[in-house]
1. Suppose we filter region 181-210 for residues that are farther than 22 Å from G146 by Cβ and in contact with a Ser or Thr (Cβ under 8 Å, 6 or more places away or on another chain); how many remain?
2. Do the conditions hold for V32, that is, is it outside any loop (DSSP other than H, G, I, E, B), in the same structural domain as T225 (by TED's automatic domain parsing) and more than 29 Å from L202 (Cα to Cα)?
3. In region 292-308, is there at least one residue being more than 28 Å from S436 (Cβ to Cβ), touching a Gly at 6+ places or on another chain (Cβ under 6 Å) and either free of Cβ contacts under 8 Å to residues at least 60 places away in the same chain or not in a loop (DSSP other than H, G, I, E, B) (or both)?
4. Return the residue satisfying two criteria in turn: it lies in region 380-438 and is in a loop (DSSP other than H, G, I, E, B) and of a type in the set (S, T, N, Q), and of such residues it is modelled with the highest pLDDT.
5. Taking region 434-464 as the search range and keeping residues that are under 19 Å from the mean Cα position of the chain (by Cα) and of a type in the set (G, A, S), which one is surrounded by the most Cβ atoms within 10 Å (Cβ to Cβ)?
6. Please report, ordered by residue number, the helices (runs of 4 or more DSSP H) entirely within region 43-161 with at least 2 residues that are in contact (Cβ under 8 Å) with a residue 60 or more places away in the chain.
7. Working carefully through the options V311, V270, find the one that is of a type in the set (V, I, T), farther than 23 Å from M350 by Cα and crowded, with 21+ Cβ neighbours inside 10 Å.
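The values are calculated or read from the model by the stated rules, or taken from the named source; none is laboratory data. The model shown is predicted, which means the values in this text are computed figures rather than measured ones. Neighbour counts run over all protein chains shown; Cβ positions are idealised from the backbone, glycine included.
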Amino acid sequence: MIRVEHVTWTYPHADEPSLRDLSLHVAPGEVVVLCGASGSGKSTALRLMNGLVPHFHDDGSLVGTVTVDGLMTTGAEPDEIGLVTGTVLQHPRRQFFADTAPQEIAFASENFGVPPEEIRARVTETVARLAVGVPVDKRLQYLSGGQQQQVAIAASTAHRPRVLLLDEPSSNLSADAVDRLAATLADLKAQGVTIVVAEHRLRYLQGVADRVVVMRDGTVDAEWTAERFRAVPDEELAREGLRGDVPTVRLPSVAAAGPSAAEPVPVDAVPAAALELDGVRCRLGGRLVLALDRVAFAAGEVTAIRGVNGVGKSTLARVVTGLQRCPGQVRLAGRVLSPRARQRSSAIVMQDVQRQLFTDSVAGELELARTEAAGVPDVDDLLADLELDHLAARHPLSLSGGQQQRLVLAAARLAGRRVLVFDEPSSGVDRRHLRSVSDQIRQVAADGAVVLLISHDDDLLALAADRQFTLVPPVPGR
C-alpha cells in the first residue's frame, strides 16, 4: 500500500536532510506506529505519504520514490493523493475549512463529488459517533483542542480513504478520549484501512499496532512486531527515549468554590494566595463554560489544571492571562487586575505554539522575549538545557513540533512574568526532553511565580506538579 524507497529529503534553506535514505513499506490494512525522539523525521515521513512533500514544500531536495496505493506521489496530483489518504495534523485547527463539525465532515466528500444523498448519510453517521465526546452543534472555534482533534479525525475519514495518517493524535486528549481514539483506530483497521501513526505515547496502541518503527536521525533505527512491542519493558523504551507505562498521579487538591470545581467547598473555606479568582463566569457561544465562585493559586508551586476535554481548562488560562473578558475579579498579590494588566503580568505557552513564533531565528525569538527581570536565566544556558543550542540560527518554523514547544517554553522563562500558564506543553515532546521541560517548569515556580500547568499528560504531571485543580462541566445550581 505504501512504499518509501531510499528517500533523502532536505527542507528549503535547511543545512541537513530531515530524512536520510529512508526505506519503509506498509502493507494494505497494516497499522504502523512511527516513534522516536523529537526531530527524528516522523512528521516528515507522513508528509511524504500524503504528498505535502514535495507538492507543498516544493523548494526542497528530494531523492528516492514514494508510492501510495499505486500512485507515485511526485507525479500524481495532490487531489489524487487526497482521495486515497486522510491526514490528521498535530494541531487540527490548521486543517479546518468550515465553521462546524457537520460542515467539516462533509467538506472532503463534497470536493470529491460524492452524491449529496451519500454525503448526508455519511455526515449523519459520523456526527452520531462524534457526539459522544464533542458538542457537535458548537462552532469549531469554541471547541477545546482535544475536541477539535476528535473532529479532525472524523473529518479525515468521512470520505472513506484507504490510508489514514495521524501525527501525534493523542497529544491533547483526555484519558477517556484516548480510549475512544484507540477504539476508532481498531474499527478502521477492521474495515481494512491502512494506518500510519506518528506518536510519542505508545501504550494505548498496544492492541492496535501491527508494527512499531523507531526512527533516529531521519531513518529507521529499529522495528518491532506487535508481539515484540507488547513485551518491551519500560526500561528499554526509556533507553530509546520513548514514552512507556503511564504513571498513576495523585496530587493534593486546591480548595475551590463554584459549579466548575470538581470538589467544591464553601467560599470562606478557600484560603488567600498570590493569584485569586472571584465570581468568574464565562460564556462562549452562549454556553456557560466556566463558573468559579472562588479559587486561589499559590506562588512558588506548580498547580496542575485537570479535567476532560472541553471542560474549560483553556478558558481558565485565557481569563488568568487577560485574553478572555468575562464577569468576575482576578487579583494578584491582593491587587485587582484588568485584562490588560493581566497580560502584562503573565505569559502563556499555548497548545499550538506556532502561533507564538514571530522572528526568523531561534536566537531572535529568545532575544525578543528576554527581559531584565530578576531570576531570568542566561540565554545560552537555557538553550543548552533544552538542547536547542545547535539550532540557534534555524528558522523557528523549520523545527520539529517538540523543538518548537521547547523554544516557546524558553521564551516564556525569559519573559520573567509573575504568572506562567503552560497549556499542554509536552505535546510533541519525547521522553528524554520531557524531563528538561518539567525542570524548566519547576524552575519558574522556584523563582517565585504562580505556575498553572494544563495537561492530560500524567508523565509530565508526575515530574512537575505539586497539586491539582480539577474542573467539571458547570451545572447551574450545583
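1. Number satisfying all stated conditions: 2.
2. no
3. Yes, region 292-308 has at least one match.
4. S426
5. Going through the qualifying residues, I end up with A464.
6. Values: elements: 52-55, 78-84, 101-111, 116-130, 145-157.
Those helices (runs of 4 or more DSSP H) span 78-84, 145-157.
7. Of the residues listed, the single one that is of a type in the set (V, I, T), farther than 23 Å from M350 by Cα and crowded, with 21+ Cβ neighbours inside 10 Å is V270.
Yes/no matrix, rows are residues, columns are (1) among the small types (G, A, S); (2) touching a helix residue (DSSP H, G or I) at 6+ places or on another chain (Cβ under 9 Å); (3) not assigned by TED's automatic domain parsing to the domain that holds T44:
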site: G218; (1), (2), (3): yes, yes, no
site: E223; (1), (2), (3): no, no, no
site: A226; (1), (2), (3): yes, no, no
site: R230; (1), (2), (3): no, no, no
site: E235; (1), (2), (3): no, no, no
site: P247; (1), (2), (3): no, yes, yes
site: S260; (1), (2), (3): yes, yes, yes
site: E263; (1), (2), (3): no, no, yes
